[in-house]
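Encoded as structure tokens, the structure appears first; notes follow it.
The values are calculated or read from the model by the stated rules, or taken from the named source; none is laboratory data. These figures come from a predicted structure and were not determined experimentally. Counting neighbours? That spans all protein chains shown, and the Cβs are built from the backbone with ideal geometry, glycine included. The area values use the complete protein model at the heavy-atom level, side chains included, leaving out ligands, DNA and RNA. Shrake-Rupley method; radii C 1.70, N 1.55, O 1.52, S 1.80 Å.
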Amino acid sequence: MTTTPQKLAPFYDGWRFAQERLGERIGELSAEELQLRAAPTLWPIWAIAAHTAGARWYWLCHVFNEPGAERTPFNGPNGEGWEDDLSHPREASELVFALRSTWTIIEDCLNRWTPAMLQDEVRREYGGKVQIHTRQGVLMRLITHDAYHIGEITQTLGMYGLKEIYIWTSRVLSAST
């Protein structure tokens, strides 16, 4: 009897909920709110959100050669992308598209990758040194990267008295529930 290998998606479902809350909240922000910074030397909210999406594209499509880059707003890894150009603020709709399109790449990986594939390695040269990365390591990097920047955005919003990004639930309860 042949069994189908277990996919990773069920184990990472909470990440999807956090992604949905991030996209929803970014989509609600005005152009002025997207410009808010926790300090003058720190990135504005729009740049943090763009960077979060760009990291997903970079690690999965560029480093691991996963398909889907063409579905995103990001181009080649040589040089800075639009997510790094602080002189060109991005609108909520652009950010939501970047977050959602890069999330589809993550979903594709989670639906295709199996536990047996988690230790698959890829090598990249960075800073004149060869680094070895596993699929599991990249998933952990992206989850913690997302969480770090969601927290950063949430703190910035809170500093200005604005509603946070509440990632801890997959559902919104109504008053009658």
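Of note:
- Test result for residue 132, in contact (Cβ under 8 Å) with a residue 24 or more places away in the chain and of a type outside the set (D, E, K, R): no
- Among the candidates 31, 50, residue that is on the phi < 0 side of the Ramachandran plot and either of a type in the set (Ser, Thr, Tyr) or open to solvent by 30 Å² or more (accessible area, probe 1.4 Å) (or both): 31
- Hey, residue 100 open to solvent by 50 Å² or more (accessible area, probe 1.4 Å), closer than 17 Å to residue 54 by Cβ and modelled with pLDDT of 95 or more or not: yes
- Within the range 110-127, the set of residues being at pLDDT 95 or above, part of a loop (DSSP other than H, G, I, E, B) and open to solvent by 20 Å² or more (accessible area, probe 1.4 Å) comprises 118, 119, 120.
- Taking the numbered list (1) at positive phi; (2) part of a helix (DSSP H, G or I) in turn, residue 60 passes all entries but (1).
- Matching residues, the range 147-170, being open to solvent by 90 Å² or more (accessible area, probe 1.4 Å) and not aromatic (Phe, Trp, Tyr): 155, 159, 163
- Restricting the range 1-28 to residues that are in a loop (DSSP other than H, G, I, E, B) and at pLDDT below 90, the residue that is most open to solvent (accessible area, probe 1.4 Å): 1
Yes or no, residue by residue, for (1) of a type in the set (Val, Ile, Thr); (2) closer than 23 Å to residue 113 by Cβ:
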{"position": "16", "(1), (2)": "no, yes"}
{"position": "26", "(1), (2)": "yes, no"}
{"position": "31", "(1), (2)": "no, no"}
{"position": "37", "(1), (2)": "no, no"}
{"position": "44", "(1), (2)": "no, no"}
{"position": "51", "(1), (2)": "no, no"}
{"position": "63", "(1), (2)": "yes, yes"}
{"position": "69", "(1), (2)": "no, yes"}
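- When 107, 94, 70, 83 are screened for being in a helix (DSSP H, G or I), open to solvent by 50 Å² or more (accessible area, probe 1.4 Å) and more than 26 Å from residue 7 (Cα to Cα), only 94 passes.
- Residue pairs meeting the criteria (Cβ under 8 Å; at least 6 apart or on separate chains; first of a type in the set (Phe, Trp, Tyr), in the range 83-104; second assigned to a helix (DSSP H, G or I) and open to solvent by 60 Å² or more (accessible area, probe 1.4 Å)): 103/16
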